[in-house]
Each structure stands twice: as C-alpha cells, then as structure tokens.
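Asker: I'd like to ask you about the structure that follows.
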Amino acid sequence: MTRVKRRQSGSRRALNTIWFFLKPFKLRVVALVIMSLLAGGLEAATIATVYPILSVAFAAGAEQGGLILRLFSTMAGVLPIADQFIAYCVLFLILALLSFAARLMLINFRVKLAAHLARRNQKEVFDKFIKADYQYFIDHRQGELIYNAASAPTHLATLVNSVTE
C-alpha cells in the first residue's frame, strides 16, 4: 500500500514539475493539443474516405454505413462531379491535402514551441549561474553544472515533442 502511495506521489511530483515549466505557456500548450487533435482527426478522415471509394468501386454503396460515411456522401454530393467514384477520390485528395497542411503546421508550431521552451529554461539556468556565488561552484561538480545548463532544459522540449507526436 505504501508503494502505491509512493508511486502516486512520484507521478504527481513529476506532473507538478512539468506543469511548473509549462505554466507560462498555457495558451500555446492548449493550441498545440488542439492542433494535434485536428491533425489526427484529418488523418483519420483521410483514411476513412478509402471505404466509400472502395464500396463505390465494387458497387456496395456507401450510404449503408454510419454517420461518417453519410457525411462523406454528403460532402461528395456537394462537389460538382457527376461520377460518384471520382467525387469520392477528389474528396480523398482534398482531405489528404488538408491533413498534410495541418500536420506541417503542427510540426512547425511544435518545434518552435519546444525550441522556445529550451531556450528560455537555459537562459534561466545561465542567469542563476551568473548570480551564484563562488561557493555554489565549489559545492557542485563541473559535470552537474554542465548538465543543468545544457542538457536538462532540452528534456522539456523532448517531452513536448514526444507527447504531441
């Protein structure tokens, strides 16, 4: 029982630490999550449009499906193309292009945010080093100081990239 409590307190501590670093960027993190969901949804929709294409090609009819397939049928009906098969193919291409554009925007935003987080945290560590007294440098090993200044701040950027990927 104490092991479970320790594990919960350890994960809670880790989440509190992550939140400490992400708190100044709440709006950007929310935008990143929304963009990730949008890109994932568009990719799923692109994959889902393959079914109506195949069902029309094999004359099974896409109208037999559920809500999403009826939505695709309505979207294909809006297109000024008489052949249903070609309309579904055009819809597939449109969704694929939108998905690609959303994925590019997501990657661009994610990388810029991660770089900004790493740069800001490295600057804060350097500022602390500049203001530190001589005893601080004597008490800490050189490798620890280098790790705190160079490597540790980039772990937050890696976390942001991994979670949104």
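Asker: Please state the shape class of region 97-165: rounded when a/c is under 1.5, otherwise prolate if a/b exceeds b/c and oblate if not, all from the C-alpha gyration tensor. It would help to have the intermediate numbers written out before the result.
Answerer: Details: a/c = 6.29, a/b = 3.30, b/c = 1.91.
Note, shape of region 97-165 comes out prolate.
Asker: With axes computed from alpha carbons, what is the tilt in degrees of helix 2-22 against the longest principal axis of the chain, rounded to the nearest 10 within 0 to 90?
Answerer: Roughly 80 degrees between the two axes.
Asker: Fewest Cβ neighbours within 10 Å first, please rank 43, 165 accordingly. Please list the in-between numbers first.
Answerer: On the way: 43 17, 165 9.
By the 10 Å Cβ count, ascending, the order reads 165, 43.
Asker: Given a Förster distance of 41 angstrom, what is the FRET efficiency for residue 11 paired with residue 79, based on the Cβ-Cβ distance and rounded to 0.05? Write down the numbers at each step before the final one.
Answerer: Details: r = 49 Å, r/R0 = 1.20.
The computed FRET efficiency comes out at 0.25.
Asker: Sort 136, 88 so the one with the fewest other Cβ atoms within 10 Å of its own Cβ comes first. Kindly include the intermediate steps, with their values, before the conclusion.
Answerer: Details: 136 12, 88 26.
Starting with the residue having the fewest Cβ neighbours, the order is 136, 88.
Asker: Now for a different question. Compute the helix-to-body angle for 67-78: its Cα long axis versus the longest principal axis of the chain, expressed 0 to 90° and rounded to tens.
Answerer: Relative to the chain, helix 67-78 is tipped by roughly 60 degrees.
Asker: Could you compute the FRET efficiency for residue 38 and residue 67, with r as their C-beta to C-beta distance and R0 at 25 Å, rounded to 0.05? Write down the numbers at each step before the final one.
Answerer: Working: r = 19 Å, r/R0 = 0.77.
That pair, residue 38 with residue 67, gives E of 0.85.
Asker: Quick one: net charge around residue 36, please, counting Lys, Arg +1 and Asp, Glu -1 for every other residue with C-beta under 13 Å from its C-beta. Don't jump to the answer; show the numbers that get you there.
Answerer: Numbers: positive: 28, 103, 110; negative: 43, 165.
Surrounding charge for residue 36 is +1.
Values quoted throughout were computed directly from the atomic coordinates according to the rules given, and no laboratory measurement underlies them. Quick caveat: nothing in here was measured; it's all calculated off a predicted structure. A quick note on method: Cβ atoms are made from the backbone with ideal geometry, for glycine too, and the neighbour counts reach across all protein chains shown.
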